[in-house]
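Notes to accompany the following structure.
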């Protein structure tokens, strides 16, 4: 299929499913679109018993899309910038220490805990998987998805200090999570010896370098915006910052997500906004990035819903996915304990912060994209089914109930 046809079909489906959700279901966009797409795909499966033409066409469409490349290399930077642009920087500055530990140490602890728990759980159901591959699964499933989290947090009315922790963690831990995943991936491939110093260097270069590059992009963009007053040119400058910044990060082998998040946070601060943008420009920049956010989110969750077509629906794989859900929640709960205990007295945490952040830590497209990058020897089919089940549970069940949990304890 050609790219225009694929894009057209996705946009048409997104518009149709978005209309159905807005008109009838009235669910948050992320949840409604995924639910409708899954139901649509299941209906196509049922119809295929009589006529499989539509199923063949839908499968051809979804297999034509390189989900990993489309999400991680193209869409992610736009979505992260849009989210960071509207994140409360002052609150994030106050909460920076626990957010940093959540995003780094918390992700690392969750990776190893999940890997260990999944390794033994799979043995119980007679699935013999090497420990290193279970660890690889722990790395791809531990980071919370900023795209899913941002969409839900906008709707539930969480207290700002709690929203900042959840959103701040999710904005930064995907970059850290990808670095952890790539490191374990190299070890699992067995292509070369990976030393502690090499791992430390990878973290320092990718994570630290990404943040520094983002700071430079943010500062240059700020100076350009401040030097002119022309809203259409200024909107294009922000777009150029995201696209150019992503390309620079990729060429320099730095973390593009962290670079773009950092740039977005700088450009989105009240001080920068007021000193570099007129009121008209600020409105246009905000509306442009809100529209980008809504459009890409809509297409992304339609694609996630359709990914069910590429799964190997083995009964033992499905069982493994459902067993892993509580194990992952336990691992996340434990991984959050240290930073919450460390800063409980210094910062004003809302009641049951650990419970809320555990349940509010949604998984989404990033985990699926990383699972799709596994090789067959790394148990790709098994881990892709497990990841998909966790993501669907996370978005539909946790996403629908996290608002009630926040209202109950805050």
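What base-10 log of the normalised intensity I(q)/I(0) is obtained for region 3-63 from the Debye formula, alpha carbons as equal point scatterers, at q = 0.13, 0.17, 0.20, 0.24 Å⁻¹? Summing over Cα pairs of region 3-63 leads to -0.38, -0.63, -0.83, -1.03. Here region 284-327 and region 20-96 have alpha carbon centers that stand 5 Å from each other. Each principal axis of the Cα atoms in region 155-285 has its own extent, and those three values, largest first, are 55, 36, 19 angstrom.
Here the Kirkwood formula puts the hydrodynamic radius of region 290-410 at 16.2 Å, using every distinct Cα pair.
Here the label points at residue 125 and residue 16, each 7 Å from Cα along the C-beta direction, are separated by 3.3 nm in the simple model. The order of 77, 110, 373, going from fewest to most other C-beta atoms within 10 Å of their C-beta, is 373, 77, 110.
All distinct Cα pairs of the chain go into the 1/r average, and the inverse of that average, the Kirkwood radius, is 21.8 Å. Packing, taken as the mean count of other beta carbons within 10 Å per residue, orders the peptides 307-313, 103-109 from highest to lowest as 103-109, 307-313. When peptides 3-12, 279-288, 239-248 are ranked by their average number of other Cβ atoms within 10 Å per residue, the highest-first order is 239-248, 279-288, 3-12. Cβ crowding within 10 Å, taken as a proxy for footprinting-reagent exposure, orders 289, 359, 219 from fewest neighbours to most as 219, 359, 289. As a rough footprinting exposure proxy, the listed residues 388, 49 were ranked by other beta carbons within 10 Å of their own, and the order from fewest upward is 49, 388.
With the simple model of a label 7 Å out from the Cα in the direction of the Cβ, residue 94 to residue 48 spans 5.2 nm. Both numbers refer to the Cα atoms of region 219-336; Rg and Dmax are 20.4, 61 Å.
Taken together, the values in this text are just the output of simple stated rules run on the coordinates, not laboratory data. Values in this document were obtained by computation on a predicted structure and should not be read as measured data. Neighbour counts run over all protein chains shown; Cβ positions are idealised from the backbone, glycine included.
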